[in-house]
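Right, one structure below, let's go through it.
The values are calculated or read from the model by the stated rules, or taken from the named source; none is laboratory data. These numbers come from a predicted model, not from an experiment. No Cβ is skipped: glycine too gets one built from the backbone with ideal geometry, and neighbour counts run over all protein chains shown.
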Amino acid sequence: MHLPITHYKRIIHSIFANPNGWENDILVFKYNSFLRSFSSILMRVYPIKMQTMYRGILLGSKHRIGDTIPAIKERAYTSFSTSKSSAKDFADPSSPLAIFLNLQGKSNGFLIEHSPLESEILFHHSWGEAMNIYTDFYEGFKCQKEVILFNDIPSFVLRSTNE
């Protein structure tokens, strides 16, 4: 039998490293109650400073700054960062991260800002330190200052990467 922390860490590691996001969605949907409860406990044990989170995205040419885009209903979570510069890296069409999106015609970078409620937080990067999540292969994820939110947010406003 595994401890709850072991299950939680496995799901977080999968979200970090599994390129098949839909598989992670299945995990988060299936274990939603457990993850919300465990995250709530982590919030009490390792409180965090609530602040604005950032997400960098690349979209096609039909999108403009100020547009509101809906959250993808099929997604169980959305990754953000407490670091605006890290989010800008994901919104940079010249980044090596962007090659496949550019091939799909998604080459316009935007930032999304969100100030989450405590109940929206699935994972906060500071918990990764406390629970020793950033080991071996996962050490590189530490610098992203990732915050994974449950997909409770109905829509996002696109902002400029120059703000």
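Exactly one residue out of S61, S107 is touching a residue at least 12 places away in the same chain (Cβ under 8 Å), surrounded by fewer than 18 Cβ atoms within 10 Å (Cβ to Cβ), over 15 Å from I148 (Cβ atoms) and touching a Pro at 6+ places or on another chain (Cβ under 6 Å), and it is S107.
Can E146 be described as touching a helix residue (DSSP H, G or I) at 6+ places or on another chain (Cβ under 8 Å), free of Cβ contacts under 8 Å to residues at least 24 places away in the same chain and closer than 27 Å to K30 by Cα? First the steps, then the outcome.
Numbers: touching a helix residue (DSSP H, G or I) at 6+ places or on another chain (Cβ under 8 Å): yes; free of Cβ contacts under 8 Å to residues at least 24 places away in the same chain: no; closer than 27 Å to K30 by Cα: yes.
So E146 fails the test.
Do we have G56 as farther than 19 Å from S14 by Cβ, in contact with a helix residue (DSSP H, G or I) (Cβ under 6 Å, 6 or more places away or on another chain), not in a loop (DSSP other than H, G, I, E, B) and not charged (D, E, K, R) here? Here the answer is yes, as G56 does meet what is asked. Scanning the range 117-143 for residues that are buried (at least 19 other Cβ atoms within 10 Å of the Cβ), closer than 19 Å to R75 by Cα and touching a helix residue (DSSP H, G or I) at 6+ places or on another chain (Cβ under 8 Å) yields I121, L122, F123, H124. In the range 40-53, the residue that is surrounded by the fewest Cβ atoms within 10 Å (Cβ to Cβ) out of those that are over 15 Å from the mean Cα position of the chain (by Cα) and not in a helix (DSSP H, G or I) is K49. Any residue at all in the range 76-90 that's over 16 Å from V147 (Cβ atoms), of a type outside the set (A, V, I, L, M) and part of a loop (DSSP other than H, G, I, E, B)? Among the residues of the range 76-90, not one is over 16 Å from V147 (Cβ atoms), of a type outside the set (A, V, I, L, M) and part of a loop (DSSP other than H, G, I, E, B), which makes the answer no.
Please state which one of F34, F16 is under 15 Å from the mean Cα position of the chain (by Cα), of a type in the set (F, W, Y) and either at negative phi or modelled with pLDDT under 95 (or both). So that I can check it myself, show each step before the final result.
Values: F34 fails: under 15 Å from the mean Cα position of the chain (by Cα).
One residue alone meets the criteria, F16.
Looking across the range 28-39 at every residue that is out of contact with any strand residue (DSSP E or B) (no Cβ under 9 Å at 6 or more places or on another chain) and either in contact (Cβ under 8 Å) with a residue 40 or more places away in the chain or not in a helix (DSSP H, G or I) (or both), the one that is nearest to P4 (Cα to Cα) is identified as Y31.
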